[in-house]
Amino acid sequence: MSYQLSDLVWGLPMRPSSVKYVLLNLSMRSNKLGESWPSVPRISEDTGLDKKTVMSAVAALEEMNLLTVSRSRGAGNKYLINLEVLNKCSTDIGTTPNCGTTPYIGSPVIPKT
């Protein structure tokens, strides 16, 4: 379990909260390299989020370049948190509006009209 990674994730102003919660769960299960291997049902059970919500959050994290997922048929996924992007986002809060290609981090939440 990596408390350093979890501390970085806690400090990020991510929206929606389900994305942050999934990243936090992965960070708590990660080794120092940012690798973890929980199943989607395990993440769902840990977070209380629906499996579809977990999968959407994982897809959003991939889109943000914060997470790389190695998928294997018949085996569990390998999740790799992009430590370089995570560190950059945690130090650039408030100075870089979208933190590179990350649409949720550092961006204000725009209410639907």
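None of the figures in this text is laboratory data; all of them are computed from the coordinates on show. Keep in mind that what you see is a predicted model, and the values were worked out from it rather than measured. Every residue, glycine as well, gets a Cβ built from its backbone with ideal geometry; the counts of neighbours run over all protein chains shown.
Which residue, LEU23, LEU33, LEU5, has the largest displacement toward the positive end of the dipole of the range 1-58 when charges sit on each Cβ (Lys, Arg +1; Asp, Glu -1)? Looking along the dipole axis, the top candidate is LEU23.
Shape of the range 9-78 from the C-alpha gyration tensor: rounded (a/c under 1.5, with a ≥ b ≥ c the square roots of its eigenvalues). Suppose R0 equals 25 Å; then what is the FRET efficiency for LYS32 and THR91 from their Cβ-Cβ distance, rounded to the nearest 0.05? According to the calculation, E is roughly 0.85.
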